[in-house]
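These notes are about the structure you will find just below.
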Amino acid sequence: GCLHDSCRHETWQTLRSKLEPGWKTSKNTQESSAAGENPKESPADRLIRLAEACELFHTSLGEPYATVSQGKYRRNLSLLSRQFRQWLTREYYEGTGKAVSSDAMLQALGVLEAKAMYDGPEKKLYLRVAGNEAKFFYDLCDSDGNVLEIDCNGFGIATDPPDIFRRTKNMKAQVMPAPSGDARLLANHVRGKTLDDEILFVVTVGTCFIPGIAHPIQVTAGEKGAAKTTTMKMLRRIIDPANRDLYALSSSDQDLALILANNYGVSFDNIDSLSARQSDMLCMASTGGGISKRSLYTDSEETILEFKHCVGLNGINVVATRADLLDRSIITELERIPAKQRKEERVVWESFEKDLPAILGGYFSALAKAIQIYPTVQINELPRMADYCRWGYALAEAIGYGGQAFLDAYFRNIGRANENAILEDPVADAVV
């Protein structure tokens with residue numbers, strides 16, 4: 001046929017493509033290379049290569065994780081989560097303009113999980129708060145990944161925050177705290193019956209920002225119309241803002257453990273009574289614990305849910321009746337709101353949101369002072385919640401209530417809890 005160079009070259013390209021179906025023309029190869037594709041690289045291999053930009057690691061419980069970049073900050077995602085699959089799918093599509101098959105994704109995730117478990121370091125992850133006695137970190141959970149750093153010199157946005165936080169679907173961004181403020185502003189929004197109730201409530205909320213210690217369970221009681229639910233919502237808004245701020249108390253161990261593991265400051269609303277098992281689970285949440293369950297689609301593997309978080313309960317009566325739970329509880333009784341003092345819910349929340357930055361600023365400023373005071377605190381007779389008691393003393397000094405006023409209120413609260421335990425026991429009540 002035609003011996004012209006261009007025609008002869010085109011004929012050879014066509015012939016070779018028929019003889020070698022896997023061969024690409026030089027033009028196609030150049031286009032693929034320009035798009036960032038390697039013709040010999042499978043989709044699964046490309047997914048693995050994309051994930052090499054992440055830090056792969058595992059937790060002490062054997063959960064594989066990756067630290068990925070999302071905008072201005074780095075986020076820890078479980079390799080088994082939908083969020084990580086979505087991130088990896090997006091990276092693949094942006095590089096190739098193509099969708100990835102489920103088989104390729106499964107193959108890549110299997111390799112990445114193995115690399116995280118055997119080649120990656122072990123790292124401990126936290127919800128909302130982390131740190132030690134000298135420095136605290138608080139995750140604001142905003143889109144910029146800002147983390148507050150609190151030490152003896154004050155508080156501010158950390159310039160180089162550690163990648164030690166994990167986030168759950170229910171977590172919501174916290175407002176930016178004011179440079180200064182007063183934690184006692186919270187008392188304007190909570191109707192405690194006595195000064196003891198005010199001191200214990202305000203100080204206990206502040207101790208929730210302290211990582212690593214056992215946190216008492218905040219038990220709120222009061223007759224109908226005492227704003228118990230609103231108080232619990234405010235408590236959650238300060239400690240751990242969430243899309244779903246209140247929960248019903250589940251009777252299933254696994255469901256309750258999942259809620260406790262995925263929420264740092266969880267609140268349970270309108271409780272009539274607690275079973276022995278529910279009481280035991282809440283005790284574990286206060287001082288640290290967890291449960292084991294069978295992993296999905298397996299016969300012998302187990303999944304462990306750990307939690308040591310802050311819990312709030314409310315009911316018309318003091319729902320904590322067992323002695324071990326009462327030992328871990330702070331009981332706050334609320335007054336019924338008189339008809340003339342009732343406000344629309346919109347007005348109540350507008351007032352609270354206006355004070356919230358100053359309340360948070362007051363708490364973080366007080367925590368900075370409490371870090372200085374804590375090493376000097378000496379208490380002769382420590383109760384069961386010893387760490388809470390020492391930090392509460394230091395924080396009460398920093399807030400302005402006074403450490404001794406806090407101790408007196410706390411020990412009176414313990415006495416009230418003992419009385420409640422006796423009244424709930426029919427034999428003890430008969431003896432009295």
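Right, SER273: open to solvent by 60 Å² or more (accessible area, probe 1.4 Å), among the hydroxyl-bearing types (Ser, Thr, Tyr) and over 22 Å from ILE359 (Cα atoms) or not? For SER273, the condition - open to solvent by 60 Å² or more (accessible area, probe 1.4 Å), among the hydroxyl-bearing types (Ser, Thr, Tyr) and over 22 Å from ILE359 (Cα atoms) - is met. Among the residues of the range 198-213, is there at least one that is small (Gly, Ala, Ser), open to solvent by 10 Å² or more (accessible area, probe 1.4 Å) and more than 28 Å from PRO338 (Cα to Cα)? Within the range 198-213, one or more residues are small (Gly, Ala, Ser), open to solvent by 10 Å² or more (accessible area, probe 1.4 Å) and more than 28 Å from PRO338 (Cα to Cα).
Restricting the first member to the range 378-392 and to residues that are open to solvent by 30 Å² or more (accessible area, probe 1.4 Å), and the second to residues that are at pLDDT below 90 and among the acidic types (Asp, Glu), the beta-carbon pairs closer than 8 Å and six or more apart or on different chains are ARG384/ASP327. Taken over the range 138-160, the criterion of being surrounded by fewer than 20 Cβ atoms within 10 Å (Cβ to Cβ) and within 14 Å of PRO211 (Cβ to Cβ) is satisfied by ASP151 alone. Looking across the range 230-251 at every residue that is of a type in the set (D, E, K, R) and part of a helix (DSSP H, G or I), the one that is least open to solvent (accessible area, probe 1.4 Å) is identified as ARG236. One residue stands out among those in the range 119-170 that are of a type in the set (Ser, Thr, Tyr) and modelled with pLDDT under 95: the one that is nearest to ASN262 (Cα to Cα), which is THR168. Answer with yes or no whether THR332 is out of contact with any Pro (no Cβ under 9 Å at 6 or more places or on another chain), in a strand (DSSP E or B) and farther than 20 Å from THR204 by Cα. In short, no. Do you know which of the residues in the range 220-229 that are open to solvent by 10 Å² or more (accessible area, probe 1.4 Å) and at pLDDT 85 or above is farthest from the chain's Cα centre (by Cα)? Of everything passing the filter in the range 220-229, ALA227 is farthest from the chain's Cα centre (by Cα). In the range 32-51 there is no residue that is modelled with pLDDT of 90 or more, assigned to a strand (DSSP E or B) and closer than 19 Å to MET105 by Cβ. For the range 268-304, a tally of residues being at pLDDT 80 or above and either assigned to a helix (DSSP H, G or I) or under 20 Å from the mean Cα position of the chain (by Cα) (or both) returns 16. Residues considered: VAL190, VAL205. Of these, the only one that is within 20 Å of ALA409 (Cα to Cα) and within 18 Å of the chain's Cα centre (by Cα) is VAL205. Taken over the range 161-175, the criterion of being open to solvent by 30 Å² or more (accessible area, probe 1.4 Å) and either of a type in the set (Ser, Thr, Tyr) or over 27 Å from PHE307 (Cα atoms) (or both) is satisfied by no residue.
Given the criterion out of contact with any Cys (no Cβ under 9 Å at 6 or more places or on another chain), of a type outside the set (Phe, Trp, Tyr), in contact (Cβ under 8 Å) with a residue 40 or more places away in the chain and within 21 Å of LEU246 (Cα to Cα), identify the matching residue among ASN153, ASN170.
Only one candidate qualifies: ASN170.
Being modelled with pLDDT of 95 or more, farther than 21 Å from THR287 by Cβ and surrounded by fewer than 22 Cβ atoms within 10 Å (Cβ to Cβ) is a property that does not hold for ILE399.
The values are calculated or read from the model by the stated rules, or taken from the named source; none is laboratory data. Everything numeric here is computed off the predicted structure, so don't read it as measured data. Neighbour counts are summed over all protein chains in view; Cβ atoms, including those assigned to glycine, are modelled from backbone coordinates with ideal geometry. For the accessible areas, the whole protein counts, side chains as well, though only heavy atoms, and no ligand, DNA or RNA atoms are used. Shrake-Rupley method; radii C 1.70, N 1.55, O 1.52, S 1.80 Å.
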